[in-house]
1. Consider W100 against the criteria (1) within 13 Å of the ligand (Cβ to nearest atom); (2) under 12 Å from the mean Cα position of the chain (by Cα); (3) not aliphatic (A, V, I, L, M): it satisfies all of them except one. Which criterion is unmet?
2. If I filter the range 7-22 for residues that are surrounded by 17 or more Cβ atoms within 10 Å (Cβ to Cβ), at pLDDT 95 or above and over 30 Å from Q162 (Cα atoms), do I get at least one hit?
3. So which of L101, L121, L111 is without any contact (Cβ under 8 Å) to a residue 60 or more places away in the chain, on the phi < 0 side of the Ramachandran plot and in a loop (DSSP other than H, G, I, E, B)?
4. Only one of (1) assigned to a loop (DSSP other than H, G, I, E, B); (2) closer than 17 Å to F106 by Cα fails for L12. Which number is that?
Amino acid sequence: MDDLKNAFAQALILSYSYSGNTHRIARQLQALTGADWREIYPRQPYPVPFPELLEQVRREINTGFRPQLLPGAPCPRPYSILLVGSPNWCGTIAPPLAAWLCQNDFSGKTLLPFYSHCGGLAGDLRRDIQTLCPRAEVRPPLAVLQDGGSSLDKTLLQWLWQTIQI
Ligand SMILES: Cc1cc2nc3c(=O)[nH]c(=O)nc-3n(C[C@H](O)[C@H](O)[C@H](O)COP(=O)(O)O)c2cc1C
């Protein structure tokens, strides 16, 4: 465990979550690594009724819209490793995470993406993040079904160990 904490001593965990699953994963990553954890929020909250939410999300993704974030979104500069989390929305990352990735420079940094999904359209979130952050090294993402259930810690530990051994 100390090896893991040493490996992530200069890491930031950053998560966007709509219904809480991605934040749960982020919280467990924080507990396992001891890394800093920050959340981001869109300035304008997303609608609650699902049909409206889906319509807005589809529109934002199709047009490349980047929502404004609430003040307090962290700067990645002090960190060399960033674990970035989002729900899978329509086969890609949610627009608030895309907005944060677009407004920062990740040159020379390592990005470890993780996402929650419901077993629907998988997409290629690594490619999408690499496109937004061409100067970063983007490692293979961790996909977690919903909130990861009772085996979440095991799943996370396996991924973290694999990731630091690359
Ligand atoms: C607008 C919207 C689009 C979604 N699109 C997908 C998808 O394409 N593929 C998938 O597997 N899950 C999809 N989901 C399910 C979410 O990824 C899943 O419920 C996830 O656990 C939510 O994470 P959160 O609680 O952190 O927001 C979608 C959910 C919503 C609300």
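The values are calculated or read from the model by the stated rules, or taken from the named source; none is laboratory data. What you see is a predicted model, and the numbers here were worked out from it, not measured in a lab. Here the Cβ positions follow ideal geometry from the backbone for every residue, glycine too, while neighbour counts run over all protein chains shown.
1. It is condition (1) that W100 fails.
2. The answer is no, given that none of the residues of the range 7-22 is surrounded by 17 or more Cβ atoms within 10 Å (Cβ to Cβ), at pLDDT 95 or above and over 30 Å from Q162 (Cα atoms).
3. It is L121.
4. (1)
Conditions (1) within 16 Å of the ligand (Cβ to nearest atom); (2) part of a loop (DSSP other than H, G, I, E, B); (3) under 25 Å from L157 (Cα atoms); (4) within 12 Å of the chain's Cα centre (by Cα), marked per residue:
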site: T22; (1), (2), (3), (4): yes, no, yes, yes
site: A31; (1), (2), (3), (4): no, no, yes, no
site: W37; (1), (2), (3), (4): yes, no, yes, yes
site: E55; (1), (2), (3), (4): yes, no, no, no
site: I61; (1), (2), (3), (4): yes, no, no, no
site: F65; (1), (2), (3), (4): yes, yes, no, no
site: P76; (1), (2), (3), (4): no, yes, yes, no
site: Y79; (1), (2), (3), (4): no, yes, yes, no
site: L83; (1), (2), (3), (4): yes, no, yes, yes
